[in-house]
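The values are calculated or read from the model by the stated rules, or taken from the named source; none is laboratory data. The shown structure was predicted, so the numbers you read here are calculated from the model rather than taken from an experiment. Methodologically, a virtual Cβ is constructed for each residue, glycine included, from the backbone with ideal geometry; neighbour enumeration extends over all protein chains shown. Quick note on the areas: whole protein, heavy atoms, side chains included, nothing else; ligands and nucleic acids left out. Shrake-Rupley method; radii C 1.70, N 1.55, O 1.52, S 1.80 Å.
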Amino acid sequence: MNEKEKNASIEYILSQGLGKQPTVKERMEEMLKTMGFRFIFWDKAYSLIFAAVTIVVAFALFMLVPRDYRYSAAIAFAPLLFLLVTLFAETSERACGLYELKQTCHYTIGQIIALRVISYSVVGALFTAVIAAFSVDSTYEFLSLLPLCLSALFICGVLALSAMRFLQGKWGNATFSAVWVFVNLALPFSFGEKWEKIMREMPILISVAIAILGAAALAYQLSKMLSEEKKYALA
């Protein structure tokens, strides 16, 4: 029996038995088809208004930051949209019992969170690119700052997912968001110009490597959550 026939036999046995576990891509397509894009907020118009208000407020605050501290500010502001929309969505879902309703589609809370975080990460990456573009005066500075901002976004995403899994309940994400904001405010205030200098002088290759590692860690965590099986009524 050659390799092709062997693979065909395995596929047939799986189809006749327990069935093949869907891939992450297939799971995402299935969830989007079942629940639609309204899983992000209650409706699209509300989510767009919320995102627009968040962006306007973020840029208004960002423009008040002195030019000499733009790197520190950009890195701190990069995950802001991701944090706020995740905080609002998690709080509303848990407070209003929407997770329980969506689980009637046979998905776990972790899978629903993962699908939402993927959407927020894409929007957050675009927001991060705009923040980086407004913070620099040259292409080189943009290429230097963007990976640092993306690193902050991806690391924030990884830690936020961990917090949502281990600090269960409607206050878990709020606790993490408060800690993240406090730490990002404390670093520039504690180290001042030294922190800004470290960020500005970090080699591009190192910042890109950190961004890639952060993206890989986030992708792995999301893939693991989307692949999990529902074992309990409120998993």
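Between VAL130 and ALA209, what is 0.36 nm times their sequence separation minus the Cα-Cα distance? Round to one decimal in nm. Walk me through the numbers before you get to the answer.
Working: separation 79, 0.36 × 79 = 28.44 nm, distance 2.09 nm.
So the chain would gain 26.4 nm between VAL130 and ALA209.
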Quiz item: Does segment 126-181 classify as rounded, prolate or oblate by the C-alpha gyration tensor (a ≥ b ≥ c root eigenvalues; a/c under 1.5 gives rounded; else a/b over b/c gives prolate, otherwise oblate)?
Solution: prolate
Quiz item: Roughly what would the spin-label model give for VAL57 and ASP137, points 7 Å off Cα along C-beta, in nm?
Solution: 3.2
Quiz item: Considering only protein heavy atoms, what is the solvent-accessible area of VAL181 at a probe of 1.4 Å, reported in Å² to the nearest 10?
Solution: 70
Self-check item: Label zone at ASP68 (point 7 Å along Cα-to-Cβ), backbone N below 19 Å, segment 194-230
Solution: 194-202
